[in-house]
Every structure is written in C-alpha cells, then in structure tokens.
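Step one of this worksheet: look at the structure below.
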Amino acid sequence: MAGTRLLAAASGAFNLVASIIFTLSVTRRLPTEDLATLAVFNAALAVGLAFLGYATSWYSRILAKEPERFGNLAAVGVLMAAVSLAPFSAYLLLYGRLDPVLATLGGLILLLQAWPAGAYLSVFRQRAAALIGLAGQLAKIAGAAAVRLNPTAYLALLITAAVYIPTALAKVAKPNFHGAVATIKTLIRGAPYQTLALMTTLTGGLVTYAVLLAGGDKLLSYNYILFQLGKSVYPALTVVPLMYGSLLVERDKLRRALIDGAVLMYLYLLAAAVMAKEPAWYVALLRPSELGSNELIDAVRLNGIALLASGVFLHVDTTLKGVEERAIFTLKDKPAKALLFDLAFSPVSVGLMYVMASAYGAPGMVAASAIAAAFPIAYRLRLLGRGCAQLVARLYLPAFAALAAVYLLPMPLLSYSTRSVLETVLTFIPNLLIIAAVSGTAFTLGSPPAREALKLLARLVK
C-alpha cells in the first residue's frame, strides 16, 4: 500500500506539471474564438458528465462486491454515454457552437468516461491505476507540443480525449447488454441520491454569484485565481480514489482511513503551508501583475487554512461513503443525510460569503469559505459515530497544529526570481524543500498515523 500511495502521489505531481504545460500551450497559442469554443465545450461536457454520473457514481461500489458485473456496467456505460450526448449537444446548440466534429469529440470523451475500467483499477489494481495515469499525462505533454505546431480547438480537445484512452484500454471486455436491464434497475435505486448530489452542486454555484454581488469582476477574478491555486493539491487527489476503493473491500476501515488520511492531509498541508509562508510566490506564478495587491496576497495567506479545511472535508466525506455497506445509497443512508444537510446549510453559506466578502474583500471571502466548511465537516463526523474521535485527534488536529507552526515559526527562506514561469518555479525549490520539511516534521510529531505511514514507506525503501 505504501508503494502504491507513493506512486499515486508522484503521478499526481506529474499530472500537475503536465496540466500546466498543456494549459500554457493552449492559452498562449489559440485564438480568442477557439478559447471561447473550449469554454463552451467544457461547460457542455460538465452537463453531459452530470447525467453520466447516474451510472458512474456506483461503479466502484458495485464492482467491489460483484467484479463479475464489469460487462454489465460496460453495457450500461455505453448506453448512458449515448443518452448523455443529447444534453451535451443541446448545450452546444444553445450557444451556436454545435458541429459534427465537436459532437464526435464530446461523444468520445463521454464514452471513455463511461467505461468502468477506472473504477475497476481503483478497487483491484491500484498500482496499475497510478502507472496508467502517468501514461495519460505523457500524452498530454506530447499534445502540448502538437498544439504549439497546430493551435486549434479541435486538436486540443482530441488530446484531452487521448488522456483517457490508456485507462479505458486497461480493462477491456465485451459489453453484456443482456444483463444491462437488471443493472439499470439496480442503478435506478441510486437516482434520488445522485439527484441530491447534483442539487448540492448547483446550489454551491450560488456562492460564486454571492462573490460577484459583493465585489464585482475584481473579486470574482481573485476567486478564480484562488481556485487555480487549489490545483496544487493534484498529488493529493490521486490518493482519494485509491482510498475509496480500499475502504470498500478492507475489513479494518478505520485504520485504512487513518493511514490514507495521513498521506492526504500532508499533501494538503504542504500546499497550505506554502500559501501561509510565501503567498506572494503563488501570485508571482499565476498573476504577476497582481503582486502589488496586498488584498490578494493576504487572501492567499489566509487561504492556507481554507485549503486545509477543504482537505479535511474531502477525507471525512470519502470515509463516510467508504464505510457505508450498501452498494447503492438511498435517501435513508448517511451519505444522503450529509447532502441534505449541505442543501439546508447552503443559504447560510451564501449569506456568509456575501456579508464577509462585502465587508473585507478577498480575505473575507476566504474566511467565509473556511468557516462554512466547518459545519458540513462537523455533521459528517457526527454521522460517522465512534470512529470520528480518532480522525479528529490523530489526523485533523495535528494537521491544523502543524499549519499553525508554519504560520508562527521563522524559516530561513531564500529569494526567488519572478522573471519567467520557469525561473519562478525553479528558484523556489529550496524554499519548497524547507517548508515541506518543517510542516512534515510538525505533522509527524503530532500524528500517529503519519508516523505509521512513514514506517511503511521506510520498509518499502529497504
């Protein structure tokens, strides 16, 4: 497990680098019209994937109990991809962007996303999942070079589709359409929960609207920058599906949640620690023109707390879903109760965001995010019951204590260059190592699962 998690984190770090390279190639080379097409395509794809979620949300849970149903799920995925293509195309048509090439590329991406190979790997072949993820990112880097030579939206989207191909090909089987009807009947039981999840996502979008009302385009642009900073936790996100897959099949679920949680919390802690100690570096990397904005720099510094809180939410939410025994959630199950709480609490989140962003600008916006995250976290811990005390005492409190130490302790950090993206990254590496060592030491001293994870890693190295 230690080697798999280390490989997954490395894959996530490589994913981050590949995404930056590809994004810079696209945004710097494509004309404005093509960038607009990409924006509309991504919005349409999000709509299609939302419909696809009625099937894909349950792949891992069903396969963990009945791996022989892969062919049935593959058949359902093909059917759902065809169904999801309709709202995807309708969205493009609404914006006057629908054409045969975009429809074909959208259908291809939906089909690749609908294929259950990724879910199978996350449960039964986790190391292969990490290695295949690396292969997909190599395709993205090669695609970045291709886009530089031929900058078109169609090519950029074709490369996006190619990233998913290695995972889909990792588990190939003939779709079993004869059993598809029975599988669809099983999945229908989860439709109310999935609808609830979509409603929660939609109401969450109102928070962005509150930011717009509170501060206009300026505050909204700061919100976008902070969102981009959140991509620094890509290495942590690769651990989540592996943790979820392990929780579905392992008996000692609490121990698995603690060990994987130690890895997840440290990776979030590292990104948060850089924000806390060197917020100007993040601004220099993404928006050097805003280096003179104390408001944005203060918001980035405070965002370390909000980011770590989001990591806690991700961990406790994944744990809550992973320990649930049912293959399909109903509205009576604890994960559904958690979503109902989120919906009920959403007016408070939106109101808090508007009030604090109006009064304090970008720092208030970040503070509102951190405060609002505390309530869903607390409710999920309550739903977990007895196991929640160990998560709080052995993971969450040590992580926040380590972040507090980063804020308070002086560190011998070096100056870095802001002349180019490459120099900004390379000259900051010594500081990154120092911050990683300090935050990691503080977290390890306070967290027993972190020490156990290090022991497992040490055995792997030996």
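Could you tell me whether any residue of the stretch 245-267 is in a helix (DSSP H, G or I), in contact with a Leu (Cβ under 8 Å, 6 or more places away or on another chain) and within 30 Å of Glu423 (Cβ to Cβ)?
No, there is no match, as no residue in the stretch 245-267 is in a helix (DSSP H, G or I), in contact with a Leu (Cβ under 8 Å, 6 or more places away or on another chain) and within 30 Å of Glu423 (Cβ to Cβ).
Identify all residues within the stretch 415-462 that are in contact (Cβ under 8 Å) with a residue 40 or more places away in the chain, among the β-branched types (Val, Ile, Thr) and in a helix (DSSP H, G or I); write none if there are none.
Matches in the stretch 415-462: Val421, Thr424, Val425, Ile435, Val438.
Identify, from the list Val355, Val366, Val348, the residue that is surrounded by 22 or more Cβ atoms within 10 Å (Cβ to Cβ) and either under 24 Å from the mean Cα position of the chain (by Cα) or aliphatic (A, V, I, L, M) (or both). Outline the logic, then answer.
Values: Val355 fails: surrounded by 22 or more Cβ atoms within 10 Å (Cβ to Cβ); Val348 fails: surrounded by 22 or more Cβ atoms within 10 Å (Cβ to Cβ).
Criteria check complete, one pass: Val366.
Quick one: which of Leu206, Leu254 is more than 26 Å from Val350 (Cα to Cα) and either open to solvent by less than 10 Å² (accessible area, probe 1.4 Å) or in contact with a helix residue (DSSP H, G or I) (Cβ under 8 Å, 6 or more places away or on another chain) (or both)?
Leu254
Looking at Ile109 and the list (1) open to solvent by 30 Å² or more (accessible area, probe 1.4 Å); (2) within 25 Å of Ile20 (Cβ to Cβ); (3) under 21 Å from the mean Cα position of the chain (by Cα); (4) at pLDDT 85 or above, which single condition is not satisfied?
Among (1) open to solvent by 30 Å² or more (accessible area, probe 1.4 Å); (2) within 25 Å of Ile20 (Cβ to Cβ); (3) under 21 Å from the mean Cα position of the chain (by Cα); (4) at pLDDT 85 or above, the lone unmet condition for Ile109 is (1).
Restricting attention to the stretch 289-308, which residues are under 20 Å from the mean Cα position of the chain (by Cα) and either closer than 11 Å to Leu229 by Cβ or surrounded by fewer than 24 Cβ atoms within 10 Å (Cβ to Cβ) (or both)?
If we filter the stretch 289-308 for residues that are under 20 Å from the mean Cα position of the chain (by Cα), which is where we start, we get 300, 303-308.
Across the stretch 289-308, the qualifying residues are Val300, Asn303, Gly304, Ile305, Ala306, Leu307.
Within the stretch 229-250, does at least one residue satisfy the condition of being of a type in the set (A, V, I, L, M, F, W, C), open to solvent by less than 30 Å² (accessible area, probe 1.4 Å) and over 30 Å from Arg127 (Cα atoms)?
Looking through the stretch 229-250, none of the residues is of a type in the set (A, V, I, L, M, F, W, C), open to solvent by less than 30 Å² (accessible area, probe 1.4 Å) and over 30 Å from Arg127 (Cα atoms).
Scanning for something touching a Lys or Arg at 6+ places or on another chain (Cβ under 9 Å) and closer than 18 Å to Thr23 by Cβ, does the stretch 173-191 turn up at least one residue?
The answer is no, given that none of the residues of the stretch 173-191 is touching a Lys or Arg at 6+ places or on another chain (Cβ under 9 Å) and closer than 18 Å to Thr23 by Cβ.
Provide a single number: the residues in the stretch 75-88 that are touching a residue at least 40 places away in the same chain (Cβ under 8 Å) and surrounded by fewer than 24 Cβ atoms within 10 Å (Cβ to Cβ).
4
The values are calculated or read from the model by the stated rules, or taken from the named source; none is laboratory data. Computed from a predicted structure; not experimentally measured. FYI the Cβ positions are ideal-geometry reconstructions off the backbone, even for glycines, and counts take in every protein chain you see. Ligands, DNA and RNA are excluded from the accessible area calculation, which covers all protein heavy atoms including side chains. Shrake-Rupley method; radii C 1.70, N 1.55, O 1.52, S 1.80 Å.
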